[in-house]
Amino acid sequence: MAEKNQIPLVSVFIMGKEYKVPSGLTLMKAMEYAGYRYTRGAGCRAGFCGACATIYRLKDDYRLKSALACQTTVDDGMYLVQLPFTPANKKKYDVEKLNIAHNVILKEYPEIARCISCNSCTKVCPQELKVMDYVQASLRGDIEKAAILSFDCVQCGLCAFRCPAEITQYHVGQLARRLNGKFVAPKAMHTEEAVAKLNSGITKKEISKLKVLKLAEIKDLYKKRVTE
Amino acid sequence: MEYPYYPGCTLKTTGKKDEEAALEVAKLLGFELKELPTWTCCGVVYNLTSDVMADHLSATRTLIRAQEMGRELKTNKLVTLCSMCYNVLKQVNLMYKNNPDKLNNVNLFMDTEEDYLGNIEIMHFLEVLYNDIGPEMIKAKVKTPLTNLKVDPYYGCMLLRPKTIAFDDQDAPHVMGDILSALGAKVIENPMTVECCGAHQIITNKEAVLDCVQRIVKASQSRGADVIVTPCPLCQYNLTTGQKSLFEKGKINHQTPVIYLSELLIISLSDNNQDYLKDYKFIKDKLEERGG
C-alpha cells in the first residue's frame, strides 16, 4: 500500500548531474531535495522578487526556456541551472532632475538604440512581458507605454542575459516607470488626502482611549471589531 | 480606403508635425492611415552586407505586422511618412522578393511569428498622394490656392536611391512638383533636388552636413524659393539646423524656411489652416500679396 501512494519520481539534471526528485516539486524545492542549500537566490519564494531566475532545456527541444525556480514545477528530463544574479550597470540618476523629453531614456541608457528587434528578451521573460516592445517604446520616448508594458517586471535579469545588443532591459523599464509615476500618470490624490488626514491628528483620540484600557477590555474590543 | 501605416521613431519625436499634418491631409483626401498596433524601429539603415540576417529583423517584423493588418483591411500596402523608413523597409522587402531562400531562413529563425509571405508593397505617403489619389483630385479639393508662393520641392536621396526602390525619375523627379503645382504654387527647379542632405553624418561629422546643406540651399535661394518643401524628417532637420549654423557663420545671408509637404497641403486643402498660417507667417503674407 505504501508503495502505491508514493509520488512518482522524475529525472532532472541540475548543472548536468542527474537527480531523481518527486514530481510536482518546484524547481527550487527540487534543488533542495537534491541537497542544494540556498544562501542566496532563494528570495521571496512567491514569484515576486525575481531572485531565482532559471534557464532550462527539455529533451529534444532546441529552445532555451526560462522560469522562476519558485514558480515552476519540474518536468521529466529537464536540464536546468539557476542564475541568481545579473551583472548589469545601473545608472545613478535623480528622477526629480529628469524630464519627459523624447530622448530622456536614451540619454541614460544609449545602448537601447542597439536593439535589433530580435525579440530574444520577450521570449525569455518568465513574466511573459513584451520586453522588446517596451524597449522600442523607450527608444521613441513613449514613456507611458514603456511603463505599462514593463509594469509586472520582477527584475530577474534574464532579458539582459539574452540580449545580443547588451541592453539591460529591466533597468530601462524601471526608469520608464519612475518617469511615468513622476511626470505622466495622474497624482494619487487619495494618498495625499489620507496622509493629510493622519497628520491632522484624527487618530489621536482613539489611541489615547486604547492606551488606558485593561488587557481584558482590549481583547473584548478586538472580538467585537467590525471587519470589511 | 484605409492604409496600414508605419510611423517610425522620428515621426513620434522630432517629426511629430509631419505626422499630425499627414494624418489630417489623408482625411481631407478621403483616406485613412491606420497605425500598426505594434511596431519596432525600421533598422535605420539598410545593411548592405550580403549575408546578414540580424540587421533585417526589425524591418521583417514590421512587414509581418503589415501582413496581419493587411488581412483585416484587405490590402497589401504599407505606408510610411519617413523617407529613411521607406528606404529600409522597401530594400529589405525587395531583398526577400529576390531571394526566396533568405525569406525562408528568416521565417525559420523567427519561430514565434507567422511566416512573412513577401507580398507587402511599401509605399511612401507621397506615392499614395500621386498614384492612388492623383494631382487632379487634389487640385479639385484646393480651398486656398498657393498662388505667388515659390516652392522648391526637395527630395533628398532616400526616396530615389538605389534605383531598385525609386518611385520617380531618379535624376529629374516630378511627383512632388506636380502635387505642388496642383495646389497652385509656383514650382522652381533646383538642380540639387536629389542631392543628399548629409543624413546621419549630422551625428559624427556636422561639417560634412553643412557642406551639403550650403550647396542645396544656395541653389534654392538663387532661384528665388520662398520655401523648401520636403517629405523627409531627417532632411527637414538637417536643412533647418544646418542653415542656422551657416547663417551664424555668415556663409548664407538668409535662411529659407523648410517645411513638410504635409503642412503645405493642410494650408491649401483645409478650412482649418489658421494655426499653420500663424506658424508660417511668410506664407500668409505671400498669399495676401495676391489680393494686391
Review point. Is it the case that region B:68-76 has a residue that's touching a residue at least 60 places away in the same chain (Cβ under 8 Å) and within 14 Å of chain A (Cβ to nearest Cβ)?
Key: no
Practice item. Quick one: in region A:32-53, of everything that is more than 14 Å from residue A:67 (Cα to Cα) and in contact with a Phe, Trp or Tyr (Cβ under 9 Å, 6 or more places away or on another chain), which residue is most open to solvent (accessible area, probe 1.4 Å)? Key: A:40
Review point. In region A:159-221, which helices (runs of 4 or more DSSP H) lie fully inside it and hold 2 or more residues that are in contact with a helix residue (DSSP H, G or I) (Cβ under 7 Å, 6 or more places away or on another chain) and surrounded by 10 or more Cβ atoms within 10 Å (Cβ to Cβ)?
Key: A:169-179
Check your understanding: In region A:141-152, how many residues are touching a Gly at 6+ places or on another chain (Cβ under 9 Å) and either crowded, with 23+ Cβ neighbours inside 10 Å or assigned to a helix (DSSP H, G or I) (or both)?
Key -> 4
Revision key, fill the gap. Scanning region B:43-55 residue by residue, those among the β-branched types (Val, Ile, Thr) and within 11 Å of chain A (Cβ to nearest Cβ) turn out to be B:44, B:52
Study note, to complete from the structure: The number of residues in region A:57-77 that are out of contact with any helix residue (DSSP H, G or I) (no Cβ under 8 Å at 6 or more places or on another chain), touching a residue at least 12 places away in the same chain (Cβ under 8 Å) and surrounded by 17 or more Cβ atoms within 10 Å (Cβ to Cβ) is 2
Review point. Taking helices (runs of 4 or more DSSP H) that fall entirely within region B:93-202, which contain at least 2 residues that are out of contact with any strand residue (DSSP E or B) (no Cβ under 7 Å at 6 or more places or on another chain), exposed (fewer than 15 other Cβ atoms within 10 Å of the Cβ) and within 14 Å of another protein chain (Cβ to nearest Cβ)?
Key: B:100-109
Exercise for review: Considering only region B:1-41, state which residues are assigned to a helix (DSSP H, G or I) and β-branched (Val, Ile, Thr).
Suggested key: B:10, B:25
Point to revise | Of all residues making up region A:143-158, the number that are touching a helix residue (DSSP H, G or I) at 6+ places or on another chain (Cβ under 7 Å) and within 14 Å of chain B (Cβ to nearest Cβ) | key: 5
Check your understanding: Across region B:11-42, which residue is surrounded by the fewest Cβ atoms within 10 Å (Cβ to Cβ) among those that are within 17 Å of residue B:237 (Cα to Cα), among the acidic types (Asp, Glu) and more than 14 Å from chain A (Cβ to nearest Cβ)?
Key -> B:20
Practice item. Sort out which residues of region B:232-260 are touching a Pro at 6+ places or on another chain (Cβ under 9 Å) and open to solvent by 10 Å² or more (accessible area, probe 1.4 Å), and write them in order of number. Key: B:240
Review point. Given the structure, is residue B:58 within 11 Å of another protein chain (Cβ to nearest Cβ), crowded, with 19+ Cβ neighbours inside 10 Å and touching a residue at least 12 places away in the same chain (Cβ under 8 Å)?
Key: yes
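Every residue, every condition in (1) assigned by TED's automatic domain parsing to the domain that holds residue A:32; (2) over 23 Å from the mean Cα position of the chain (by Cα); (3) at pLDDT below 95, yes or no:
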residue: A:60; (1), (2), (3): yes, yes, yes
residue: A:71; (1), (2), (3): yes, no, no
residue: A:88; (1), (2), (3): no, no, yes
residue: A:100; (1), (2), (3): no, yes, yes
residue: A:105; (1), (2), (3): no, no, no
residue: A:108; (1), (2), (3): no, no, no
residue: A:122; (1), (2), (3): no, no, no
residue: A:126; (1), (2), (3): no, no, no
Review point. Restricting attention to region B:159-169, which residues are closer than 17 Å to residue B:130 by Cβ and modelled with pLDDT of 95 or more?
Key: B:159, B:160, B:165, B:166, B:168, B:169
Practice item. Please determine, by comparing only the residues of region A:1-26 that are over 15 Å from residue A:59 (Cα atoms) and out of contact with any strand residue (DSSP E or B) (no Cβ under 9 Å at 6 or more places or on another chain), which one is modelled with the lowest pLDDT. Key: A:1
Review point. In region B:181-210, how many are in contact with a Gly (Cβ under 9 Å, 6 or more places away or on another chain), of a type outside the set (A, V, I, L, M, F, W, C) and farther than 28 Å from residue B:287 by Cβ?
Key: 4
Point to revise | Enumeration of residues in region A:1-31 that are loosely packed, with under 15 Cβ neighbours inside 10 Å and of a type in the set (D, E, K, R) | key: A:3, A:4, A:17, A:18, A:20
Point to revise | Residue in region A:116-139 that is over 18 Å from residue B:112 (Cα atoms) and open to solvent by 60 Å² or more (accessible area, probe 1.4 Å) present | key: no
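The values are calculated or read from the model by the stated rules, or taken from the named source; none is laboratory data. Not measured: the values here are computed from a predicted model. Methodologically, a virtual Cβ is constructed for each residue, glycine included, from the backbone with ideal geometry; neighbour enumeration extends over all protein chains shown. All accessible areas refer to the heavy atoms of the entire protein, side chains included, with ligands and DNA or RNA removed. Shrake-Rupley method; radii C 1.70, N 1.55, O 1.52, S 1.80 Å.
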